[in-house]
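Undergrad: Pasting in a structure now, in structure tokens, and then I'll have a few things to ask.
Coordinate-derived values only; no laboratory data. Just so it is clear, the structure is predicted and the values come from calculations on it, not from any experiment. When we count neighbours, we look across all protein chains shown, and the Cβ atoms used for this are built from the backbone with ideal geometry, even at glycine.
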Amino acid sequence: MNGKEFIKAVDLIEKEKGIDRDIIFQAMEAALMAAYKKNFDQLQNVKVVIDKKTGDIKVYSYLTVVSDEEDDDEESDGIDLDIEISLSEARKINRLVEIGDTIDTEVTPKDFGRVATSTAKQVLVQKMREAERNSIMEDFGDKQDEMLIGTVELEDTDNYYINLGRSNGILPKKECIPGEKIEMNSQIKVYVSKVDSNGKGLLILLSRCHYGFIKRLFELEIPEISDGTILVYSVARDAGNRSKVAVYSENPKVDPIGSCIGEKGTRIARILEEINGEKIDIVKYDKNPEEFIRNALSPAKDLKVLIMDAKKQESLVIADGDNFSLAIGKKGQNARLASKLTHYKIDVKTSLQASELGISFREE
């Protein structure tokens, strides 16, 4: 690669990759300086200068101009002749120099072109890779917590590798919905749980069991959510088993639960199909925490709710008969999900258990 070819390559990279040409020249000069010291001379006061029009490369050793007084100062070590030159001596070479300027001497080796060609290729490739990585990061940097559609390309023991277009994402098998079958080359919806740009490249971690996946599915399938007519307050999920979604609307004429279910259950059916039949409870959010907790513990009914400590967000729920087991759910699942949904600690007791603890509940 000669000088003209290098300039053409720089211009092309600047145009196609958007890299400032000055950055490329700076990187090239620094790389060539290191190459010179490695292959030719260990001089510390050396610099490489590239003509930005012709691409010609020259190596210079330089001496920094210092005051004559430094040589006479008893408290100093005097002038270091390897890297410095006194003002009076410098002006014998160039009468216009001032303190702080440099006196340059060209030391370009005859066969430096070979080293320059190899170094130029390495720098250009490196800058192109950096530009590509930065461009991809711009594309995916704001995609965290969003839903994307990709193609399943590869599989190993622990992960699926999903083609997202300009980059690949990693879908750990533990982040798949339990029991679902994922086929190679199939299109798949994924939730972006993490985007991380590190020294080795871009890491995009994906999930299908994150609670955010449910929220994005609702936004995708329910037009009233995507346009803001219905709002999702919170989502709690036990992937593969059950999710709870709290919704509400500021418009009193809108039925948020009915809108999410859709006519004859068509809307919720599409969501259930995507999550492998996982059950979903759609509950109405209420600003009154007692009412919200009561709604969240569906399908249990006839519940008495007492807020024990509003600051600590602790509540007591009294349920009797079949509603006690429904409120708690299998292995405590229903109460646990309701607690996540409402952000309240929920303690479910029967009337008898509450009275034995000296807790009385009076309805107004």
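Undergrad: For Tyr233, list long-range residues whose amide hydrogen, built 1.01 Å from N in the peptide plane, is under 5 Å from its own amide hydrogen.
TA: Distant-sequence amide H within range of Tyr233: Ala246, Val247, Tyr248.
Undergrad: With Cβ to Cβ distances under 9 Å as the rule, what net charge do the other residues near Leu205 carry (K, R +1; D, E -1)? Can you show the working numbers first?
TA: Details: positive: Lys194; negative: Glu175, Asp196.
Around Leu205, the surrounding residues sum to -1.
Undergrad: Based on C-alpha coordinates, I'd like the Rg and Dmax of region 152-207, in Å.
TA: Calculated on Cα positions, Rg and Dmax stand at 11.1, 36 Å.
Undergrad: In addition: Could you tell me which label, among (1) 50; (2) 17; (3) 43, carries the value of percent of Cα pairs over 39 Å apart calculated for this structure?
TA: (1)
Undergrad: In addition: Under a crude label model (7 Å from the Cα following the beta-carbon direction), how far is Lys330 from Lys189 in nanometres?
TA: Distance between the two pseudo-spin positions: 2.4 nm.
Undergrad: Still on this model: How tilted is helix 333-342 with respect to the longest principal axis of the chain? Cα atoms for both, answer in degrees (0 to 90, nearest 10).
TA: 60
Undergrad: So which GluC sites (Glu not before Pro) in region 201-280 pass both tests, a DSSP loop state and at most 13 other Cβ atoms within 10 Å of the Cβ?
TA: Working: sites: Glu219, Glu221, Glu224, Glu250, Glu263, Glu273, Glu274, Glu278; in loops: Glu250, Glu278.
Here the sparse-neighbourhood loop sites are Glu250.
Undergrad: Filter the trypsin sites (Lys or Arg not before Pro) in region 309-352 down to the DSSP loop ones having no more than 10 other Cβ atoms within 10 Å, then list what survives. Don't jump to the answer; show the numbers that get you there.
TA: Numbers: sites: Lys311, Lys312, Lys330, Lys331, Arg336, Lys340, Lys345, Lys349; in loops: Lys311, Lys312.
Passing sites in region 309-352 are Lys311, Lys312.
Undergrad: If I fit a long axis through the Cα atoms of helix 21-39 and take the longest principal axis of the Cα atoms of the chain, what angle between them do I get, 0 to 90°, rounded to 10?
TA: Around 60 degrees separate the two axes.
Undergrad: Could you compute the net charge surrounding Gly240? Neighbours are other residues with a C-beta less than 12 Å from the C-beta of Gly240; K and R count +1, D and E count -1.
TA: Numbers: positive: Lys174, Arg208, Arg237, Arg242, Lys279; negative: Glu175, Glu180, Asp238, Glu278.
Overall, the nearby charge balance is +1.
Undergrad: Apply the Karplus curve 6.51 cos²θ - 1.76 cosθ + 1.60, θ = phi - 60°, to the phi angles in region 260-269 and return the couplings in whole Hz, x for Gly and Pro.
TA: Going residue by residue, I get 6, 6, x, 4, 6, x, 5, 5, 5, 5 Hz, with x marking Gly and Pro.
Undergrad: While we're on this one: How far is helix 112-140 tilted, in degrees, relative to the longest principal axis of the Cα atoms in the chain, given as a value from 0 to 90 rounded to the nearest 10?
TA: That works out to roughly 20 degrees.
Undergrad: For Thr102, Thr342, which order do you get if you count the other beta carbons within 10 Å of each Cβ and list the fewest first?
TA: Fewest to most other Cβ atoms nearby, the residues stand as Thr102, Thr342.
Undergrad: May I pose another question? I need Val190, Val66 ordered by Cβ neighbour count within 10 Å, fewest first.
TA: So the ranking, lowest neighbour count to highest, is Val66, Val190.
Undergrad: Treat the count of other C-beta atoms within 10 Å as a stand-in for reagent exposure and order Phe213, Phe112 from fewest to most.
TA: Ranked by crowding around the Cβ, least crowded first: Phe112, Phe213.
Undergrad: Please give me the summed charge of the neighbours of Ile268: other residues whose Cβ is under 12 Å from its Cβ, Lys and Arg +1, Asp and Glu -1.
TA: Charge balance in the 12 Å sphere: -2.
Undergrad: Sticking with this structure for a sec: Over the Cα atoms of region 225-364, what is the Rg over Rh ratio if Rh follows Kirkwood?
TA: Values: Rg = 15.9 Å, Rh = 15.9 Å.
Checking Rg against Rh, the ratio lands at 1.00.
Undergrad: Based solely on its DSSP helices, what 222 nm [θ] is calculated for the chain when runs of n ≥ 4 H residues each add -39,500 (n - 2.57) and the sum is averaged over all residues, nearest 500 deg cm²/dmol? Write down the numbers at each step before the final one.
TA: On the way: 13 runs with 135 residues, N = 364.
After summing the helix terms and dividing by the residues of the chain, the value is -11000 deg cm²/dmol.
Undergrad: Now, a different point. Going by a ≥ b ≥ c, the root eigenvalues of the Cα gyration tensor, does region 291-364 fall in the rounded group (a/c under 1.5), the prolate group (a/b larger than b/c) or the oblate group? Kindly include the intermediate steps, with their values, before the conclusion.
TA: On the way: a/c = 1.58, a/b = 1.10, b/c = 1.43.
Here region 291-364 falls in the oblate category.
Undergrad: Cα-Cα over 20 Å: which of Lys58/Lys121; Lys194/Lys340; Lys17/Lys121; Lys287/Lys349?
TA: Violating the 20 Å Cα-Cα cut-off are Lys194/Lys340; Lys287/Lys349.
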